[in-house]
Amino acid sequence: MAHTRALHVERVAKRFQAGFVLEGVSLELCFGRAFALVGPNGAGKSTLLRMLAAVDAPTRGTIHLDGTHTIAEHRAYVGFLAHELGVYDELSGREQLAFAAQLRGTSVGLETVKLLELSAFYDRPLGSCSRGQRQRVALAQALIGGTSVILLDEPTTGLDEKTCRGLGDLLRARVEQGALVVVSTHDRVFAQEIGADFIDMAAFRPSRATQKKP
């Protein structure tokens, strides 16, 4: 039986100044599948996504992608939508995506532009766009090129029903092509529509004893 490529999370814990927010996170996230991180605000969904994207480092434990060893190698495979979006107010949507595509050595997919309905505001400065419009550009940026790991923090925030369907179509297609998709979401219907397996973040809630450790 052929080996299934995966992103491995092994005994990961994360501590901030106030204490631990996650502990004992061990997961094997296989390519060709979608996963949804679920739980209330403060459950550590965004924290785990940032560690999966190699933006933040675990306090303990390891995260590695099959066949890679360094953070730089890891990041080259990842498309990441953070809560902060990561777009520039002074750029238009077209300029933002062209810049991101240049960094990745690829081009902007016209199908992504169409399905996320960017054309109506594509040439406006992003600083003049609504949160939902900026969200769409940031989503398109995360989906640029052949990224094989797609990590999205609350991707449906500010999106209308039609755009959510378009995003769902994009993500299902990427999974069928062999990508790994991980979303944090309160929208369980959307997660079900992309065929995601649910990961309940309550399983990784730190104990009081762990929270008090230095």
Practice prompt. Evaluate the charge dipole of the range 114-196 about its Cα centre and quote only its size in Debye, nearest 20, assuming +1 on the Cβ of each Lys and Arg and -1 on the Cβ of each Asp and Glu.
Written response: 140
Response to the item:
Taking the chain, the lysine pairs whose C-alpha atoms sit under 25 Å apart (8 or more places apart or on different chains) add up to 6
Item to complete: Please give the FRET efficiency for residue 68 paired with residue 177, using the beta carbon to beta carbon distance and R0 = 22 Å, rounded to the nearest 0.05.
Response: 0.65
Response to the item:
Sequence order, the range 30-40: Karplus ³J(HN,Hα) from phi using 6.51 cos²θ - 1.76 cosθ + 1.60, θ = phi - 60°, Hz rounded, Gly and Pro as x, gives 7, 5, x, 9, 10, 9, 10, 7, 10, x, x
Worksheet entry | Cα-based Kirkwood hydrodynamic radius, the range 123-168, one decimal, Å | 11.4
Worksheet item: For the chain, max minus min Cα coordinate along each principal axis, in Å, sorted largest first?
Response: 53, 44, 33
Worksheet item: Under a point-charge model restricted to the Cβ atoms of Lys and Arg (+1) and Asp and Glu (-1), what is the dipole moment magnitude of the range 27-110 relative to its Cα centre, in debye to the nearest 20?
Response: 200
Worksheet item: Calculated from DSSP H runs of 4 or more alone, at -39500 (n - 2.57) each and per residue, what is the 222 nm mean residue ellipticity of the chain, nearest 500?
Response: -9000 deg cm²/dmol
Item to complete: Report the FRET efficiency, 1/(1 + (r/R0)^6), for residue 188 and residue 26, where r is their Cβ-Cβ distance and R0 is 25 Å, rounded to 0.05.
Response: 0.60
Worksheet entry | Leading residue at positive end of dipole, the chain (Cβ point charges), from 102, 67, 144 | 67
Worksheet item: Carbon and sulfur together cover what percent of the accessible area of the chain at a 1.4 Å probe radius?
Response: 51
Response to the item:
Along the range 172-184, Karplus-curve 3J(HN,Hα) (6.51, -1.76, 1.60; θ = phi - 60°) to the nearest Hz, with x for Gly and Pro, reads 4, 5, 5, 5, 4, 7, x, 6, 9, 10, 10, 10, 9
Item to complete: Normalising by the residue count of the range 45-136, find the relative contact order in percent from Cα pairs under 8 Å and 6+ residues apart.
Response: 27
Worksheet item: Long-range amide H contacts for residue 31: which residues qualify at under 5 Å (H placed 1.01 Å from N, peptide plane, sequence gap of 5 or more or a different chain)?
Response: 5, 6, 7
Worksheet item: Remind me, relative contact order of the range 4-66 in percent, using alpha carbon pairs under 8 angstrom and six or more residues apart?
Response: 46
Worksheet item: For the range 61-121, what is the charge dipole size about the Cα centre, in debye to the nearest 20, if Lys and Arg each add +1 at the Cβ and Asp and Glu each add -1 at the Cβ?
Response: 140
Practice prompt. Counting only C-alpha contacts under 8 Å and six or more residues apart, can you give the relative contact order of the chain as a whole percent?
Written response: 31
Worksheet item: Tell me, what is the per residue accessible area of the chain in Å², probe radius 1.4 Å?
Response: 50
Worksheet, complete the sentence: Farthest towards the positive end of the dipole of the chain, among 203, 8, 130 and with Cβ unit charges of +1 on Lys and Arg and -1 on Asp and Glu, lies the Cα of 203
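The values are calculated or read from the model by the stated rules, or taken from the named source; none is laboratory data. Just so you know, these numbers come straight off a predicted model, no measurement behind them. Cβ: placed from backbone, ideal geometry, glycine included. Neighbour counts: every protein chain shown. SASA here: full protein model, heavy atoms, side chains in, ligands and nucleic acids out. Shrake-Rupley method; radii C 1.70, N 1.55, O 1.52, S 1.80 Å.
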